[in-house]
Structures are given as structure tokens and as C-alpha cells.
Amino acid sequence: MIDKLSQLKTVAETELNAVTDTRRLEEWRVRYLGKKSAIMQALRELSSLSLEERRKAGALANEVKDAFESSYKQKLEGIKQAELELATAAKALDVTLPGQPESLGRLHPTTQAMREVCQVFTSLGFETVEGPEVEWDYYNFEALNIPKGHPARDMWATLWVDFADPEKQRSMLMRTHTSPMQIRTMEKRRPPVRLIMPGKTYRYEATDVRHEWMFHQVEGLAIDKNITMADLKGTLFEFARRMFGADRKARFRCDYFPFVEPGVEVAIDCFICKGQGCRLCSGSGWIEILGAGMVHPDVLRRMDCDPAVYSGFAFGMGVERIPMLRYGIEDIRHFYGNDLRFLKQFWGF
Amino acid sequence: MTLPRDDLARRLAQAGLEAGSVEIIGGQWDKIQVGHVTEVKPHPNADRLRLVTVALGDRMPTVVCGAPNVAVGQKIAFASVGAKLVDGHTGQPATLKPAKIRGVVSEGMVCSEKELGLSGDHTGILVLPADAPVGAALADLLGDTIFDIEVTPNRPDCLSVIGIAREVSALTSQPLHLPQIAYKEGREQVSGLASVDVVDPDLCPRYCAGVITNVKIGPSPEWLQRRLQAGGMRPINNVVDITNYVMLEHGQPLHAFDYAKLTDRKIVVRRARQGESLTSLDGVERPLNCEMLVIADSRRPVALAGVMGGANSEVSEATTAVLLESANFKRESVRETAAALNMRSEASARFEKGLSPELPVPALRRAMQLMVELAGGEAASGIIDVYPGKRERPPILFPASETKRLLGMELPVEKIKSVLESLGFGVEMAAPAQMSVNVPWWRTDVSQGADLVEEVARIVGYDQIPTTIMDAPIPPLEPSPLLSMKRTLTDLLVAAGMQEVITYSLISLEGLKRTTPDLDLPGPKPVRVSNPMSREHEYLRTSLRPRLLFHIAQNQRFEEGIKLFEIGHVYYPRHSDLPQEVETLCGAMWGLKQEMSWRTKPMPADFYDAKGALDAALVRLGVEAKYVKAEDVGLRSGACADIVVRGLKIGVIGEVHPKVVENFDAAGPVFLFEIDLEKLLPHAGTGVEYKPLPRFPATVRDMALVVDLGVQYQSIVDIVQDFPLVSRVALFDVYSGEQVPRGKKSLAFRIWYQSPDHTLTDEEVNGVQQRMLSALESKLGAVLRA
């Protein structure tokens, strides 16, 4: 019997080594550890042996049974582990596959820039007001010290609008700047005011890479007692820093707009070359960004504000110029050409 | 001048006179000097070439020269080997190399104006004045720096050398040197030679004239021609050149008439008469109208006042006496005449800006002086001066505190006074801190305190003004609901995957018509621009649709799916008023609703995608819109709905009519929505109605109904929602096909039943559902799907 048991052990272990799945393992278990298995048979037959043989064979049979059980457990663990690994591997994701695409919309780059400008001034206490794009000559020119026949009218090539005035007094036009909003708004307001007035503006202009007949401006107006040009400088300097970087320098020079006195041209040092001179700034180191000045006393009077009591500043800037400078956009006509290959480049962050 | 060139340009720019360009004449002339032609011999091997020997003082090189005008005794510009020149033929920069021309070595070159970069003239060599010192650097003789200054329209006084010199003097504290005007007058009184009658003084505040006899017409001296050229003018003859020279120097346009051609020796300043015309100096006959001011003799117009002279009185070779005009014309009149005849000139450009009526006299006297000196003329004694528009300019009372009040900068009274005086203002102290300021006659742009503040600021320098932040309380803000709504709506549509566009406000009539299947004009006739740049941009849009459809078509080449929207004005004509500008939203979709994906099949956007995007935005604005089947001329019948809020139509949505899509050369189908934002506004953001959270659970039932194909979803939901306990209804399937009878469809709903005060029992829910089903059956013929 002892020989039989030894032989059994060898055979069973060889078989077990060949088992790789749970089904075969179960067959093996039934065969070597089941009720009808040789080892169980042997254990049942022990009683028929002599005492000495029984002791020897019994010990060996139990030893073989224990060995089978532990081999079985070990094998079971191994197989389960392998199967788990296999199952896990089968469920592994290709994390580099694209996610479910969401439709992406974006703001037009002009809107993005406009919002940015307005946000800066909102934080400085300015209120946003909008108005009509088709205007009377009065608001666009006359009330701004540019009467008919004034030489400064050449500064704004005008798109006129058909209008047959029975009294032949009024003419209609596409506003050439946002400045008429200064007068319009002040017809309804009393100082103190701080206003920004964004909107579309139009010029009679042949288009090229730098000129477009429709574009956007933001107008600013602050009127109060004791507003000075130093305040204008401070406000616009703050704007320049927030828009174009905290280390920006601003340059203020004399310029002429009929509705301000003194008049100012504001430039910032070129943020590409830091004032050294490059293509963006045409080698000058400076980029003109807006026109401004102290509200002209005659304009204040038209706003029904006594220029001896009140003073104020006004400024106006082109909006498209900001993304053009910032992103190096070479052709202003892209803005309203609305080619999606252009528009999709501006994330608006 | 001691200030370096760039510093001067910067100081001028700070003061408002920006040099658009600075041209340096002779900056590269370091190997070019004055030479004296001592010998000219024929070239042994070429008929047209000659051998020229030039004395330079220290050497006498011989060069080969092809110029026809070279002659012994001339002073010329001699370029040695290595000199930087302009190639006479190509016009490109070139460096002079040693050359052997037809077998003879040429040791340099005698230069033409073109080769020196002075002008385009290459017909012969440049002949220098006889007194030019031999051997001297040409740059010392002809070198110059030209500031091309962009003068703003308020400063016509600076359209002159003297004007700029005054500015430079004030900016640099250097003394101003004005030309000394004095000339010998003849015995004959001018009043005996000519008369001036200003008939229309409203257009001519001042007319001055002088007469010069015995003039000899000929070329001007070299220096004068060169200065004219530097100023961008072409030399013609001494008389004309002098008028132009004085214009550049003083800023006053002058005109010289051939005295002999003036009928009755008379000048009449009057409006043109009906039917009159004038052939101007450029040879074009100009019909005149009664608003145009002319200079006439006793018979006919001889010049357009302030714009251009007439051919009938033009100075010619044969002229022996001239009448010189130096006048002041009303700027608006000159501007209108020049614009009406489309003939802007150097003169009109100055008059248009409003010159000082004090300017004609010094300018006339200066021109008379030059006529005597350079044209051999004899000046008649005195000048004619008709000055109907003389007006006193009262002094400006100017408190010193104004600079502090407007600039925010403290300046001592003395400083303010000295700055103003440096610019020619007369300053007297009316009180310790109160100035009385007399404005110099040439400063037509200064009339009040603010103007003086600018004068002080620009000379002191804007960079000296401090930088402060307004410290007054922030003024109260008025809310602008339309602005906030536009902003939110824009953000929501972007979040719904739509690209914002901004399109041109002007459009062609055809563009608008393309939005209807039969190319009819949708809505009223649009407002027209009087001077459109092109027919493409002639009318104010009455709809955002055409541009949106145009941009869909244009982008289809590059995209699989497009979703665009625009928020902008449309313009409706109004009687005798500005057009009504209506804030409008328009959105359009075409093609794949999402980018291609490996997970989902590519699905084309349809009506319900457009509706979903719009509804998502409206819901977030707190607006509950209903969609009511409707017709719209540009949209496909049966695929179109009015968007209705609280019974009022605010817009429309639908599939663009296939013929309209075709009109735009686009591929279809395209889906579109359009909303009048001003009609939407009263409904937007109208507050939140808070309800406490439900305390008892909901019972959920699904229910599939079979109805006729024509029954609308909305009619079912309206009935269902009308029942008590129904807290929510959702549609989760729509089916028509083999599983339901022909002509029928099945709609599957999930319905949530909920009570605020107890947990519902099955019996309660069943009871409601039973009554609901019989209502649906009796009203809509709906039956529960088996």
C-alpha cells in the first residue's frame, strides 16, 4: 500500500502541474480528493491492515492527503489570480482614445476684446451704455465742435444715409465714431458720470489689410467736479497696464480732436520688443492705442454742464486693434470675413 | 539750431506736430564734392561720350561723361570711386566702381539730380551755382533735413516754415528769425494801376493786392528751386515760384495774375453767376454755380477764389506785369467749391482750415520783395487792402488756477506766463493770479481758457503731468437689462456649441431678396446709404439671415458641421426719423451636429437641434417658450414655428426653404432661428419662484399612447399636465411603423405623480391615470398602446 501511495503522489502531482483552468482543477480534485478517490479508498482500507502497517500506511496516507489538499489550494489560488489578471487585462481601456466630442462655441474675437476693455473700466466704476449706429449729423459732428464745412471733417470719411429732410436741416449718417454717445447720454444724465460706450462704427473707406469700413470702438466719458488730465492719465495708464501687462509704460502726447481740449494721443511701449523697435511698432518702440482729452468747454455746455464748475475727460479706442496687436493678426478683413478657420483660433480665455 | 535731429522730432511730436517722416538729403554724400569743369574733349571711340576733366582743388581727374549739357566752366557734383549713388537707369542704390568706358578709364562721375537722389531728372548733369566752392563737400552745399510734419487741422499756421519755426523757438527757447521784409517801391501808386471790389464780403473777409511791372519771366534761382522741391513743389517760373515759395514760408496762398489780361485792370470778388464757367490752369473747363466765389475782372471770372487760377489770366513767357493777390476767404466756401469741383490744391487745403485775415499783408509784402529781387520787377507804391471782415479779438481772461484745475499740475504763474509768451501770446497780469492774454493773430485756433491750458501743457510736456486715480465716489450706475441679457444669451449659445459671428450691417438689395424663395424683398424697403462703397454694401440690413446663410455657404467647403449665431441690429425705416434699430438674434445650423466620433454615428443637425440649443438658452434666461406651427416666407412650410412667450410672438424657427438655401449656393438642409430681443427682454430673468423640496416620494408610471399622426405632442402634454398630482412629464419615445396601425404613431411618456402632503397609493395614481386616459381618448382619440 505504501508503494501505491507513493506512486499515486507522483502521478497526481504531475497531473496537477498540467492543470491550467478551474474546470480541470475540479476534475483533478474529484479524482484525487473526492469520496471515490484512491486516497480516500486507501484511508477506508486502513482497518484491514496490521497494526504496524496501519500506522505506517495511515501516516503516509494522511500525509499524501494533506499534500494534495495544500497543492490544490495553492493551485486554485494561482489559477484564480491568473484568471483575474486575464479578465482585468481584457477590461483595460485605451485611455488615449478621444473622449465624446462636445460642440464647442466661441465668442467672436471682437466680442472678447470688447468685453475685456469694458471689464477693466467696469472695475474702475464705469457704466456701459449703448446707442444707435445710424446718427444725425448733429450728434456725430456738430455737437462735437465739428460744424458743416469744418476742416476736421476730413478726419472721418463718412457714409451718409438717404434722408429727405423737409426742412433741409438734418442729415443722417452711419456714425463714424462712438463719440456721439457722449452727447446722447448726457442729454439724459447729470454729472457725476463715468461711462463707457462700446459699439459699431463705420467709415467710407476702401478696405485693405489695415482698413475696414466697419469696426468697433469703445468710448469713455467721465465728468465731475475736479476731474483733471492727471486723472485721465492715471485711468488710461491703469487700463493699459491691465490690458497689455503690468510692466507697460504709457506715453501721452499732444493731439487734436475737436471735442477735447487739451487733446491727447496715448501710446504704450511695444510689448513685443519692449520699446526697442520692431515690426509691430514700425520700429518706433511705441504703439498708439487711443485718442483722448479733456472734454471741450463748448461740448460741456452742450451737455448742459457749466465748464467753470465741471470738467471731464473722454477717450476713444478701436477694438479690433487689440487682438490684432496681441495675436499678430495681419489682416483686419479677417474679422468680418467670418471664416471659421479664423474664428476658431480664439478661445476666449 | 543746436538740438539733434531726433530730439527735435520728438519735442515737436510731444507738442502735437508729429513728423511722419524725416528725410535726410545728402546723408550718403561723403564721396561727393563740388568740381569745376576745366576741359571737355570728344571721346576717341564714341560719338556721344566726352572726356571731362574736373578740378577738385587737390587733383584733376578725367571722367567719361554722356550728359549733353556738360560744358567748360561749370560747377558740378563730382562723385569719386566708392560714392553711394542712385543708378541713373534702374533707380536702385549703387556704389560707384572704377570703370573703363569704350577703352578710356573713368576716374569718377559727374552726377545728375537722379544719381544724387535729389529728383528723377536724368536728362543731364546737375549744374551748381557758379559761386560753389571747388572741392567742398556737396552735403555742405545742398545737404538738408526735411521733416514731413503731419499738421492737425486746427493748426493752419503750422502749414508754413515760419509756423514751425515759431513752435521750435518756443520748445527750445531759441530766438526766432523772421525774414526782413523791405523793398524799393516805384513812383506809381498801386491805386492808379488797379482796383478791387469785394462784392461778397461774407465769403471774402480780406483782399489785398499789389502790382509789379517790368517783370522778366524766367527760371528762379537755384536755391529757390531747391527749396520748392524740398517742399514737394515743382519749379515753374520765377513769378509762380515766388508765390509758392511765400506760401511755404508764410502759409498764405498767393496768386499772380497777368496784369495785362485783366479787363479794366479791375478785380471783382463775387459769387459766380448762373451759367458762368472757367477754364482752370489745368486746362479743364469748370462749370460754376452761384455758391462759388470767383475772382473776376470787370467782364468774366479769372480765378476760383482760394482754389485755382484761370487759364485766361495765367502768367506766361510774355507777361511783363503781374497783379499779386493775397487774400482771405471763408474756409467753408473754399472747402465746398474745391469739393464740388473735385480739385483740391495746396491753396485750398490751407484756406479750408481757416487762415488768419492778418496774414495776407506780410505775405504780400514778402512776395513783392522777392519779385523785385528775383524777377527784376518794379513794385508799384503801396498795396490795395480791402478788409471788410476785420474783427477785434478780445483778450482771454485766464486765471492761473485753470492749469491746476484741468491738468492736475501746479505751475507757477511765472512759468505759465513765460510759456505763453514764448509762443507769441501777450500776457498781462489783470490781478495777482489772473492773466489777460492776447492771442497772436496767427493762432486762429485759440479762443478760450482751455485752449491756453493746452498750450501750456504741450510746451511743458504732457509727460510732466502727474498720474492720479479719480478719488471721488463712484457715480450711481443705472442697470441695463438689455445689455445683461445680450451678454448672458451670447454665453449660453456659445455654451450650446454655437460660434458667435459679427457680420456687416450693410448689404445689397439682392442679398436681402435671396432670403425668400422667389427673390422678393422681405419686409419694408430698407434704408439706403447715399454714397455706398459698393453695391454689396448699399442698404441697411433688415434681417440677419442673409449674411448668416452666406457665411454658412462660404464655410461649407471646410467644415462638416456649422452652427453660427449673431446678435446685432437690424434697421427699419421710419418716417422723418432715424431708422428703428432692433436688437436681433439669429442662429443657423447645418451639417453634423457634433464632430465625428468613434463612439457615435455622425448625425446631421435637424430642427430639434436648433430648437434644443435655443431652448437651453431661453430656459436659462427664465423664459418658457411655446412653439406654434406657423408659416414664414423664408422657411419650409411644415417645418416652421413661431416662438411664443406668454401669448406673444418673439421670433421664428424652422428649416430654411430649400430654394433659399439654393439662392445662397449653400448645401441644405439649414435650420434657423430668429428672435427680436426687445420682445424677449420683458420675459427674461423675471425672478425665481422657489418651492420647498417635496417631502413625499413620487410614483413613476410609463404610458405609451397611440394617436393619429397629425396629433401634436403639445396637445397631449397640455392635457396630462392639467391633471392634479402630475409633477413632471417626459417624452421618451416616438414611433410610427409596423408595430402601430397605419396613419398612427405611438408616443411614450414617463409621468411622475406626487403629492405635497402624503405618499400616494396605487389606487390614487390609477384613478388619476384612468381619468387622464379617458380625457385623452375623448379629446384626441388616444388609446393606450397594447
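The values are calculated or read from the model by the stated rules, or taken from the named source; none is laboratory data. Predicted model, so just to flag it, every value in this text is computed and none were measured. Please note: Cβ atoms are built from the backbone with ideal geometry, for glycine as well, and neighbour counts cover all protein chains shown. Only protein heavy atoms, including side chains, enter the accessible area calculation; ligands, DNA and RNA are left aside. Shrake-Rupley method; radii C 1.70, N 1.55, O 1.52, S 1.80 Å.
Name the single residue that is nearest to B:TRP752 (Cα to Cα) among those in the stretch B:670-714 being among the polar types (S, T, N, Q) and under 60 Å from the mean Cα position of the chain (by Cα).
B:GLN714
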- Item | Subset of the stretch A:311-336 that is touching a His at 6+ places or on another chain (Cβ under 8 Å) and under 30 Å from B:MET470 (Cα atoms) - its residue that is surrounded by the most Cβ atoms within 10 Å (Cβ to Cβ) | A:VAL319
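Answer yes if at least one residue in the stretch B:511-519 is within 14 Å of chain A (Cβ to nearest Cβ) and not in a helix (DSSP H, G or I), and no otherwise. Talk me through it step by step, then tell me what you get.
At the first step, the residues of the stretch B:511-519 found to be within 14 Å of chain A (Cβ to nearest Cβ) are none.
Within the stretch B:511-519, not a single residue is within 14 Å of chain A (Cβ to nearest Cβ) and not in a helix (DSSP H, G or I).
Scan the stretch B:151-195 for residues that are in a helix (DSSP H, G or I) and over 30 Å from A:ARG153 (Cβ atoms) and jot them down. Reasoning before the result, please.
Within the stretch B:151-195, the first condition is being in a helix (DSSP H, G or I), and the residues that meet it are B:156-158, B:161-172, B:190-192.
If the condition is that a residue be in a helix (DSSP H, G or I) and over 30 Å from A:ARG153 (Cβ atoms), then B:SER169, B:THR172, B:VAL190, B:SER191, B:GLY192 are the ones that fit.
Are any residues in the stretch A:293-316 of a type in the set (Val, Ile, Thr) and within 12 Å of A:PHE257 (Cβ to Cβ), and if so, which ones?
A:VAL295, A:VAL299, listed by residue number.
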- Residue pairs meeting the criteria (Cβ under 7 Å; at least 6 apart or on separate chains; first in a helix (DSSP H, G or I), in the stretch A:1-22; second surrounded by 14 or more Cβ atoms within 10 Å (Cβ to Cβ) and aromatic (Phe, Trp, Tyr)): A:ALA12/A:TYR32; A:ALA12/A:PHE68; A:GLU15/A:TRP28; A:LEU16/A:TRP28
- Query: Just one of B:ALA380, B:ALA338 is surrounded by 21 or more Cβ atoms within 10 Å (Cβ to Cβ) and over 24 Å from B:SER280 (Cα atoms); which is it?
  - Reply: B:ALA380
- Query: Would the stretch A:72-94 turn up any residue that is part of a helix (DSSP H, G or I), open to solvent by 30 Å² or more (accessible area, probe 1.4 Å), more than 10 Å from chain B (Cβ to nearest Cβ) and closer than 21 Å to B:LEU489 by Cα?
  - Reply: no
- Message: Name the residue that is nearest to the other protein chains (Cβ to nearest Cβ), counting only residues in the stretch B:520-543 that are closer than 14 Å to B:VAL633 by Cβ and at pLDDT 95 or above.
- Response: B:THR542
- When restricted to B:LEU3, B:LEU8, B:LEU12, B:LEU17, the only residue closer than 30 Å to B:CYS158 by Cα, open to solvent by less than 80 Å² (accessible area, probe 1.4 Å) and modelled with pLDDT under 85 is B:LEU3
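Please go through the stretch B:497-510 and pick out each residue that is part of a loop (DSSP other than H, G, I, E, B) and either of a type in the set (Lys, Arg) or at negative phi (or both). Before you say what the answer is, go through the steps one by one.
Initial filter on the stretch B:497-510 (part of a loop (DSSP other than H, G, I, E, B)): B:497-498, B:501-505, B:508.
Once the filter is applied, which keeps residues that are part of a loop (DSSP other than H, G, I, E, B) and either of a type in the set (Lys, Arg) or at negative phi (or both), the stretch B:497-510 yields B:MET498, B:VAL501, B:ILE502, B:THR503, B:TYR504, B:SER505, B:SER508.
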- Task: Could you grab the pairs with beta carbons closer than 8 Å, sequence gap of 6+ or different chains, first residue in the stretch B:523-542 and surrounded by 16 or more Cβ atoms within 10 Å (Cβ to Cβ), second one in a loop (DSSP other than H, G, I, E, B) and hydrophobic (A, V, I, L, M, F, W, C)?
- Result: B:VAL529/A:LEU159; B:PRO532/A:LEU159; B:MET533/A:LEU159; B:MET533/A:ALA206; B:MET533/A:TRP213; B:HIS537/A:TRP213; B:TYR539/B:VAL527; B:LEU540/B:VAL527
- Output the residue which, of all residues in the stretch A:215-225 that are among the hydrophobic types (A, V, I, L, M, F, W, C) and either more than 10 Å from every other protein chain (Cβ to nearest Cβ) or open to solvent by 20 Å² or more (accessible area, probe 1.4 Å) (or both), is nearest to A:ARG184 (Cα to Cα). A:LEU221
- Item | Positions within the stretch A:143-176 being open to solvent by 60 Å² or more (accessible area, probe 1.4 Å), more than 8 Å from chain B (Cβ to nearest Cβ) and among the charged types (D, E, K, R), in sequence order | A:GLU167, A:LYS168, A:ARG170
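When you look at B:LEU324, is it in contact with a Gly (Cβ under 6 Å, 6 or more places away or on another chain) and under 22 Å from B:MET247 (Cβ atoms), yes or no? Full working, then the answer.
Details: in contact with a Gly (Cβ under 6 Å, 6 or more places away or on another chain): yes; under 22 Å from B:MET247 (Cβ atoms): yes.
Criteria met by B:LEU324.
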- Note on the structure: A:THR228 meets each of (1) within 26 Å of A:PRO109 (Cβ to Cβ); (2) at the interface with another protein chain (Cβ under 8 Å from one of its Cβ atoms); (3) buried (at least 22 other Cβ atoms within 10 Å of the Cβ) with one exception, condition (1)
- Return the only residue of B:VAL494, B:VAL570 being surrounded by 15 or more Cβ atoms within 10 Å (Cβ to Cβ) and in a strand (DSSP E or B). B:VAL570
- Applying the selection to the stretch B:573-592, what residues are assigned to a strand (DSSP E or B) and either within 21 Å of A:GLU102 (Cα to Cα) or of a type outside the set (Ser, Thr, Tyr) (or both)? B:GLN580, B:GLU581, B:VAL582, B:GLU583, B:LEU585, B:CYS586, B:GLY587, B:ALA588, B:MET589, B:TRP590, B:GLY591, B:LEU592
- Message: Of the conditions (1) in contact with a strand residue (DSSP E or B) (Cβ under 8 Å, 6 or more places away or on another chain); (2) open to solvent by 10 Å² or more (accessible area, probe 1.4 Å); (3) more than 10 Å from chain B (Cβ to nearest Cβ), A:SER282 satisfies every one except a single condition; which number is it?
- Response: (1)
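Which is hydrophobic (A, V, I, L, M, F, W, C), more than 9 Å from every other protein chain (Cβ to nearest Cβ) and under 16 Å from B:LEU406 (Cβ atoms), of B:VAL460, B:VAL427? First the steps, then the outcome.
Numbers: B:VAL427 fails: under 16 Å from B:LEU406 (Cβ atoms).
Answer to the selection: B:VAL460.
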- Please find, within the stretch B:480-490, the residue that is farthest from B:LYS679 (Cα to Cα) out of those that are buried (at least 16 other Cβ atoms within 10 Å of the Cβ) and over 31 Å from the mean Cα position of the chain (by Cα). B:LEU489
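To keep it simple, each residue is scored yes or no on (1) open to solvent by less than 50 Å² (accessible area, probe 1.4 Å); (2) farther than 29 Å from B:LYS649 by Cβ.
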| residue | (1), (2) |
| --- | --- |
| B:PRO682 | no, no |
| B:VAL700 | no, yes |
| B:TYR713 | no, no |
| B:SER727 | no, yes |
| B:PHE732 | no, yes |
| B:TYR735 | no, yes |
| B:LEU747 | yes, no |
- When A:GLN112 is evaluated against the numbered criteria (1) closer than 30 Å to B:ILE567 by Cα; (2) outside any helix (DSSP H, G or I), which criterion, by number, is the only one it fails? (2)
- Task: Please find, within the stretch B:275-300, the residue that is nearest to B:SER316 (Cα to Cα) out of those that are at pLDDT 95 or above and among the β-branched types (Val, Ile, Thr).
- Result: B:ILE295
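Does B:ILE146 satisfy the condition of being modelled with pLDDT of 85 or more, away from chain A (no Cβ under 14 Å), within 23 Å of B:ARG234 (Cα to Cα) and in contact with a helix residue (DSSP H, G or I) (Cβ under 9 Å, 6 or more places away or on another chain)?
Working: modelled with pLDDT of 85 or more: yes; away from chain A (no Cβ under 14 Å): yes; within 23 Å of B:ARG234 (Cα to Cα): yes; in contact with a helix residue (DSSP H, G or I) (Cβ under 9 Å, 6 or more places away or on another chain): yes.
Against the criterion (modelled with pLDDT of 85 or more, away from chain A (no Cβ under 14 Å), within 23 Å of B:ARG234 (Cα to Cα) and in contact with a helix residue (DSSP H, G or I) (Cβ under 9 Å, 6 or more places away or on another chain)), B:ILE146 qualifies.
Of all residues in the stretch B:228-270, which are closer than 19 Å to B:GLU352 by Cα and within 33 Å of the chain's Cα centre (by Cα)?
First pass over the stretch B:228-270, keeping only residues closer than 19 Å to B:GLU352 by Cα: B:243-244, B:246-255, B:269-270.
Across the stretch B:228-270, the qualifying residues are B:THR243, B:ASN244, B:VAL246, B:MET247, B:LEU248, B:GLU249, B:HIS250, B:GLY251, B:GLN252, B:PRO253, B:LEU254, B:HIS255.
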- Query: If B:VAL633 passes every condition in (1) open to solvent by 20 Å² or more (accessible area, probe 1.4 Å); (2) over 20 Å from B:PRO522 (Cβ atoms); (3) of a type in the set (Val, Ile, Thr) but one, which one does it miss?
  - Reply: (2)
